[in-house]
Amino acid sequence: MAPRRGGAYNDLPMDALRVHITAYGCQMNRLDAALVAEVMQAAGALIVADAAEADVLLYLTCAVRGHAEDRVFSNLGALAARKRRRPDLVVGLLGCMAQEHGEAALARAPVVDLVCAPGRLADLPDLVARARAGERPVALDPRREESDAGGAASDAALDRIAVGRAPGGEWPGQAYVVAMRGCDNFCAYCVVPYVRGPERSRPPETILEEARRLVGGGVREITLLGQAVNRYQAASGGRAWDLADLLAAVAAVPDLARLRFVTSHPGAMTPRLALAFRDVPHVMPHLHMPAQAGSDAVLRRMNRGYTAAEYAARVAMVREAAPGVAVVSDFIVGFPGETAADFEATLDLVRRMRFAAGFVFKYSPRPGTAAAREFPDDVPADQKRRRHQALSEAIAAIAAEENRRFVGRRVRVLVEGASPRPNLHAAGRRLRPGWGQLRGRTPCHRLVVLDGPPELIGREVEAEVVEAGAVTMFGRIPEE
Ligand code: SAH
Ligand code: SF4
């Protein structure tokens, strides 16, 4: 997004301060990065793309896995020399790690000047000003056992900033919209319910207003976000709303081309939502619904609330309502007590479900979670590594087979931009004058690389799939 000066707060000390934002982790953090940009610009700061030019470095961090945290601490450590040369440089630790470590982050990472939890991002201009005055402010969300209302109060401040917010998506025509914040599922391994607070759904009016503004500004595709977004629940206009209702309302925004939602929890998958894939126009045939494991014993220890058979039944229900839906899953390997037979059950689920894609993570104990408290981290690191590799390979092999079924078929591709690897698959082929290699996505979110004129960016085209791998399909625009 283009740097913008001014707004109503020009007299604040942020004026002309150059701010660089780095976001790690999930889509929620990418969206928070847009929110941070907005609040800092409203206070008069400039957002800069080059960290070397910045007066203020802000890190939106992820606490979901130990590895993600280690990376942030090591990147912060590497700033020490620069900070010695430039003592007025302000370094901020924002997001989930800020909430998790709190005050202690200041001792662990001495370059950090301010700590700001996800719900306190509206306070950033003030925190930066205090840091510049020599304080080391720490702004945290209330702990969930202390207050349920605290989260809701700061949400209103975040929603106010959202006015005018830039798309936080993968390409300018795509935008994420928060449907729900927080999580109440308490999967045994997961830190999210602690750092993001209790589950709360945003009112449909707020979501619709944001969707209309985004589409009015040129956005073609909206993805509704929530940790278990299919648990969406609101009351408005004298009736109860679930995610199916919300999808229908957002889908009706004129000129919206595509609508998606992530992430779905298998336990909250309803027949109504399955039918939304069939009945609500613009809802794409793409469901991210993590299984996490295929062994009932592991699923029980994970506190996931379903068995492998129940998971499979939910997938079958969706596919019966809408046969082409691409199902995507996450998996954790090496959860405490996972035996070879447990892992085999996960492989078996993968073979039966034929996922379009899957994300595999090695278990890492997170402080404060039930799993870290109750179970020793007893699967050896090399075993985790082997299972990670075997499962990733099994998922990729099936994804490639599924992708190859599209060869010779026509798909509708929403073109997102130039392909970042322009020479990919270029051998033996001549581009028409003025054409380039483009990338886009099918309705089921499969990546397609194809040749075409740049005017197609942001538009949907019919393409014939000529070749397919595990991740990318290659298409061509038919001659006629
Ligand atoms: N709310 C979403 C995503 C949560 S975090 C959901 O429920 O699907 C994204 C993924 O990280 C999870 O799906 C899980 O596979 C993985 N994950 C979460 N905590 C983890 C941990 N402690 N160790 C390893 N992987 C973890
Ligand atoms: Fe974590 Fe489970 Fe909530 Fe997802 S649903 S954020 S894995 S507790």
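The values are calculated or read from the model by the stated rules, or taken from the named source; none is laboratory data. Nothing here was measured: the structure is a model prediction, and the numbers come from that model. Don't worry about glycine lacking a Cβ; one is built from the backbone with ideal geometry, like all the others, and counts go over all protein chains shown.
Here are some notes:
- When the criteria are applied in full, Gly358 meets the requirement of being surrounded by 13 or more Cβ atoms within 10 Å (Cβ to Cβ), under 26 Å from the mean Cα position of the chain (by Cα), modelled with pLDDT of 95 or more and small (Gly, Ala, Ser).
- Boolean, Pro266 is farther than 26 Å from Leu35 by Cα and in the same structural domain as Arg160 (by TED's automatic domain parsing): yes
- Meets criteria (within 21 Å of the chain's Cα centre (by Cα), within 16 Å of ligand 1 (Cβ to nearest atom) and under 23 Å from Gly440 (Cβ atoms)) for His282: no
- Just one of (1) crowded, with 18+ Cβ neighbours inside 10 Å; (2) modelled with pLDDT under 95 fails for Gly324. It is (1).
- Per the conditions (1) at pLDDT 95 or above; (2) assigned to a helix (DSSP H, G or I), the sole criterion not satisfied by Leu35 is (1).
- The lone criterion from (1) touching a helix residue (DSSP H, G or I) at 6+ places or on another chain (Cβ under 8 Å); (2) assigned to a helix (DSSP H, G or I); (3) of a type outside the set (D, E, K, R); (4) in contact (Cβ under 8 Å) with a residue 60 or more places away in the chain left unmet by Leu94 is number (2).
- Checked against (1) buried (at least 18 other Cβ atoms within 10 Å of the Cβ); (2) aliphatic (A, V, I, L, M); (3) in contact (Cβ under 8 Å) with a residue 40 or more places away in the chain, Ala276 passes all but a single condition, namely (3).
- If the condition is being in a loop (DSSP other than H, G, I, E, B) and hydroxyl-bearing (Ser, Thr, Tyr), then region 289-343 contributes Ser295, Tyr306, Thr307, Thr339.
- One residue from Leu247, Leu214, Leu208 being closer than 20 Å to Leu275 by Cα and touching a residue at least 12 places away in the same chain (Cβ under 8 Å): Leu247
- Leu414 more than 20 Å from His288 (Cα to Cα), of a type outside the set (Asp, Glu) and either part of a strand (DSSP E or B) or at pLDDT below 95 (or both): no
- Residue list for region 48-79, restricted to those being within 16 Å of Val115 (Cα to Cα), within 13 Å of ligand 1 (Cβ to nearest atom) and not acidic (Asp, Glu): Cys62, Ala63
- Verdict on Ala340 being free of Cβ contacts under 8 Å to residues at least 40 places away in the same chain and either among the aromatic types (Phe, Trp, Tyr) or over 23 Å from Ala470 (Cβ atoms) (or both): yes
- Pair list, Cβ < 6 Å and 6+ apart or interchain, from region 184-198 residues that are more than 17 Å from Gln27 (Cβ to Cβ) and modelled with pLDDT of 95 or more to residues that are near ligand 2 (Cβ under 9 Å from one of its atoms) and part of a helix (DSSP H, G or I): Phe186/Pro193
- Close contacts from region 284-303, counting a first residue that is among the charged types (D, E, K, R) and a second that is within 13 Å of ligand 1 (Cβ to nearest atom) and part of a loop (DSSP other than H, G, I, E, B), with Cβ to Cβ under 8 Å and a gap of 6+ residues or different chains, come to Arg301/Ala188; Arg301/Phe335; Arg301/Pro336; Arg301/Phe375.
- Unique match (being at pLDDT below 90 and on the phi < 0 side of the Ramachandran plot) among Ala470, Ala427, Ala400, Ala463: Ala427
- Screening Ala249, Ala268, Ala257 for residues that are of a type outside the set (Ser, Thr, Tyr), within 16 Å of ligand 1 (Cβ to nearest atom) and farther than 17 Å from Ala322 by Cα leaves exactly one candidate, Ala268.
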